[in-house]
Amino acid sequence: DVPPRLLAGRLGDPSAPVGASAEVGSEWLARWQAAGTTAAKAVDRALDAAPRGRRSRSGPRVLGPLLAREVARASRPEDMLVVGSSNPVRDLDLVADWREPPIVLANRGLAGIDGTVSTAIGVALANPDRRVRALMGDLTFLHDIGGLLLGPLEAVPDLQIIVANDDGGSIFATLEHGAPEHADVFERVFATPHGADLGALCAGYSVRHQIVREPGDLAVALAVPGPGLSVVEVRVDRSRRRALRDRIAAAVDQALTS
């Protein structure tokens, strides 16, 4: 039930100054800001201490949140960043520590991964004086791979697309679907590995492509995106996604309660 005191009286202008409660609000805000700073430092320490991504037959793999952190650090206030749904937007929200953030854009909705490549190209074409990047997962990239097709009479955007390729949908490993009792069906039904050769697909559209396997190499690629349309594929480890989430949560909890 709603308390009677909340039903009585008139509602004021929501944009009007709050008067006497402003001082209380400032103290409340300061506490949250201090807690946010503490949590952000705990996240950074947990990521720095996390085991490196596993090696595969194609070489070492990067942890998803570390990839997002490198992209965040490379993004300047005058830049624009298009972020894909699923893990990339969550990873960026977790690790971005901007005092002056870039303009960040993301699609929403039940089909949020659809059309992300085309969205990023549209943003880049509409903002030729800004440096535009896009960060998205491999499934998001594949769902709109046709967005790379530009006719010979069309303008070519200056856009760098960073693809976190973990060969599937690792976000489900952090949900109830990733519980141990579902291990026998998880990979095929939820992880949905595709095995696609992103480099070959980019070549088919005459789009520059490079593979990055080390965070240091990623920083170099982000620093010099070059003109035109390009794709930076980063091989991401999803085998430890659930464990990494739990480790970060525990680190933040300890930092805030100790």
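Nothing in this text is a laboratory measurement; each read-out follows from the coordinates by a stated rule. Bear in mind the structure is a predicted one, so any value in this text is a computation, not a measurement. Here Cβ is always computed from backbone atoms with ideal geometry, including for glycine, and neighbour counts include all displayed protein chains.
Assorted remarks:
- Along the axis of the charge dipole computed for the chain (Cβ charges of +1 for Lys and Arg, -1 for Asp and Glu, origin at the Cα centre), the listed residues H194, I145, V104 are led at the positive end by H194.
- Net charge of Cβ neighbours under 11 Å - reference L175; Lys, Arg +1; Asp, Glu -1: +2
- Radius of gyration, Dmax [segment 52-239; alpha carbons; angstrom]: 16.0, 54
- The charge dipole of the chain, taken about its Cα centre with unit charges on the Cβ atoms of Lys, Arg (+1), Asp and Glu (-1) only, comes to about 540 debye.
- For V104, the residues whose modelled amide H falls within less than 5 Å of its own, excluding neighbours fewer than 5 places apart on the same chain, are L81.
- Degrees between helix 116-126 axis and first principal axis of the chain (Cα, 0 to 90, nearest 10): 80 degrees
- Close amide H partners of D237, meaning residues 5 or more places away or on another chain with modelled amide H under 5 Å apart, are V62, L63, G64.
- Here the mean projected area of the convex hull built on the C-alpha positions of segment 120-184 is 5.8 nm².
- Antiparallel beta bridges, as assigned by DSSP with both residues in the chain, represent about 5 percent of the total such bridges.
- Taking N as its residue count, the alpha carbon Rg of segment 171-258 over 2.2 N^0.38 Å: 1.48
- Rounded to the nearest 20, the size of the Cβ-charge dipole of segment 84-217 about its Cα centre is 460 debye, with Lys and Arg at +1 and Asp and Glu at -1.
- Close amide H partners of R208, meaning residues 5 or more places away or on another chain with modelled amide H under 5 Å apart, are V231.
- Farthest positive-ward along the chain dipole, Cα basis, beta-carbon charges - from P225, A120, L81: P225
- Helical contribution to [θ] at 222 nm, DSSP H n ≥ 4, -39,500 (n - 2.57), averaged over the chain, rounded to 500: -12500 deg cm²/dmol
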